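Bear in mind that the values in this text are calculations on the coordinates, not laboratory data. All values derive from a computational prediction rather than experimental measurement. So basically every Cβ, Gly included, is an ideal-geometry build from the backbone, and we count neighbours across all protein chains shown.
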Amino acid sequence: MKDRPITFSIKTRSQKSRARTAVIKTPHGEIKTPAFIPVGTKSTVKSITPEMLKDLGAEAVLSNTYHLYLQPGPEIIKAHGGLGKIMNWSGPTFTDSGGFQAFSLGVALGKNITKFTSSARPGYDEISLKESGHKAGIENAMIPAKIDEEGVMFRSIIDGSAHYFTPKKSIQIQQDLGADIIFAFDECTSPHEPIEYQKRSLDRTHRWALESLKSHIENTEAFSRQALFGIVQGGRHEDLRKESAKFISELSHDGIEFDGYGIGGSFAKEDMMTAVHWVNSILPENKPRHLLGIGEPSDIIKGVMEGCDTFDCVMPTRNARTGTVFVNDNTDTKDKFAYINLNLKNAKYKDDMGPIEEGCGCYTCKNYTRAYMNHLYKAGEMLGGTLATIHNLYFMVQLMEKVRREIDAGRL
Ligand SMILES: [Zn+2]
C-alpha cells in the first residue's frame, strides 16, 4: 500500500455504542473526530471570514463541486493554488462530488428530493435557489436532468446552460479544486423511487465508484495529495444498503482502496439511522466515515452513536442568516445534549439585554445582546447574519467537543 495523504487513528472506542474518537491527519492539519465540518458552498462560509472560522474553533471546510464548477470554474480555483488558497483557509478542506446537487437541482427539483424527504420544510436546494437569485437558472434548472449509464446531463442554476458530469469529470474537477478529501461520483436517489429503480441506480453508482477510483489513481500527483472517499447508497432497503457497504469497502483498483467512506442518500427522517446502522455494521472500522449533509445536532448525536466520524450541513449557517440560533437547554436533566432553537427576530427579544446564550464563550455572546441582534435583523443589517453564524458554528464546535469528551469518558 502506497503512502496516503491522510491517516485515521482511533483513540477511544465506546463500550456502549459504536461511537469512537479519532484524529484524521491531513496535509493541512488535523481534524479531531467526531467533527462537524462547516459548509462553504462556493468557497466561502457565508458571511464570515476564515479568521473568524478559525477563532471559533472550526477545523475544516467542505465546499460543493457543483457550485464551484459553475462559478468561478475549477481553472480559476486551480490558478490560485486550490480551494484552501483562494479562500485563504489554511486548514483541511473537503469537496463533495457534485452528484447530490446535479440531481437535487435537476431531476429532483419540484419532486422534493432533499436530505429529508418527508419533512414539511422547504428543501435545501429550493432555499438555495431562492437565495442565489438566479431567476433564469431556476426556470431552466426545472428542466429535468438526464441520467444515462455514463453520467448526468443537468442545467446550470445560473444561466440554464447544459452540462454533463461523468465520474471522471467529477474527479478531474475535484483534483483541480485540490481539497484534501474528495468524494466519488454517485447517484442520490429519492426514497420514493421504486425498488427496481433503486437497484439499477445502485449498480450505476457502483460502476461510477470504480471509475472514480481509477480516474483518481491515474493522476499520480493528485492521488498523492488527495484522499478519495467512496459513497454508499441503497435508499431505504436493507439488502441494497448492505450490498453497497460491502461493495464500496471491498472495491480496489491496482490494490488500492478508498481512503474513507461517505454515507449518502435522501432519507425519510425516521429511516436515516436504520440505514446508517446497516451500513456501519459492514464498513471497516479503520477508516473514517462521513455522513453527508446531516447537521441537526440531535441527528449528529445519533450518527456518532452509530459510528460516524464527520458530518457536514448548511443548516447551522443558513439558520443563522435567517435569525435562528441554537441555545443549550440546561433545564433538561435527562438529555445532556438538549438544545432549543431561538428566533432572534421574535418581538419578545427587542429589549432583551442578555446575550444569545448566557455563559456562551463565543465572540457574539461576549459582546452583543439579543436586543441588538433583533434590531440588526429588523433593520436588514448584514452584521446580524455574521454574528449569528459565529454563535451557531461555535455551538457546533462546542457540541462536538462535548461529544468527544463523553466518548473518551465512556459515557456515550
Ligand atoms: Zn454564543
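Things worth noting here:
- Each Cα pair of the chain feeds into the Kirkwood radius, which the Stokes-Einstein equation turns, at 10 °C and 1.306 mPa s, into a diffusion coefficient of 74 µm²/s.
- Spin-label model, K402 to D55: label points 7 Å out along the Cα-to-beta-carbon direction sit 2.4 nm apart.
- Farthest positive-ward along the chain dipole, Cα basis, beta-carbon charges - from I248, S63, C360: C360
- Euclidean distance between Cα centres, the stretch 331-391 to the stretch 258-326, Å: 26
- Debye, to nearest 20: dipole size of the chain, +1 on Lys, Arg Cβ, -1 on Asp, Glu Cβ: 680
- Gyration tensor verdict on the stretch 324-408 (Cα atoms; rounded if a/c is under 1.5, prolate if a/b is larger than b/c, oblate otherwise): prolate
- Mean separation of Cα pairs under 8 Å and 6 or more residues apart, divided by the residue count, gives the chain a relative contact order of 18 percent.
- Relative to the dominant Cα principal axis of the chain, helix 238-250 is inclined by about 70°.
- Neighbour counts of C-beta atoms inside 10 Å place C360, C308, C313 in the sequence C360, C313, C308, starting with the fewest.
- FRET efficiency, 1/(1 + (r/R0)^6) with R0 30 Å, evaluated for R13 and D239 via beta carbons: 0.60
- Loop-located trypsin sites (Lys or Arg not before Pro) in the stretch 376-412 (DSSP state not H, G, I, E or B) with no more than 15 neighbouring Cβ atoms inside 10 Å: R411.
- Residue exposure proxy: L344, L251, ordered by other Cβ atoms within 10 angstrom of their Cβ from fewest to most, comes out as L251, L344.
- Cα shape, the stretch 144-193, gyration tensor, a/c 1.5 rule: oblate
- For the stretch 280-288, 3J(HN,Hα) computed residue by residue from phi via the Karplus equation (6.51, -1.76, 1.60; θ = phi - 60°) reads 6, 6, 10, 4, x, 6, 8, 10, x Hz, glycine and proline entered as x.
- GNM top mover of K287, K46, K366 - the chain, alpha-carbon springs below 10 Å: K366
- Neighbour-count order for H253, H237, fewest beta carbons within 10 angstrom listed first: H253, H237
- Value at 222 nm in deg cm²/dmol, rounded to 500, when DSSP H runs of n ≥ 4 in the chain each add -39,500 (n - 2.57): -11000 deg cm²/dmol
- Selected from M400, M373, M382 as most flexible by GNM, with the chain as the system and alpha-carbon contacts under 10 Å: M382
- Summarised in one figure, the compactness ratio Rg/Rh of the stretch 243-330, Cα atoms and Kirkwood Rh, is 1.05.
- Rounded to 5, the percent of DSSP beta bridges in the chain classed as antiparallel: 50
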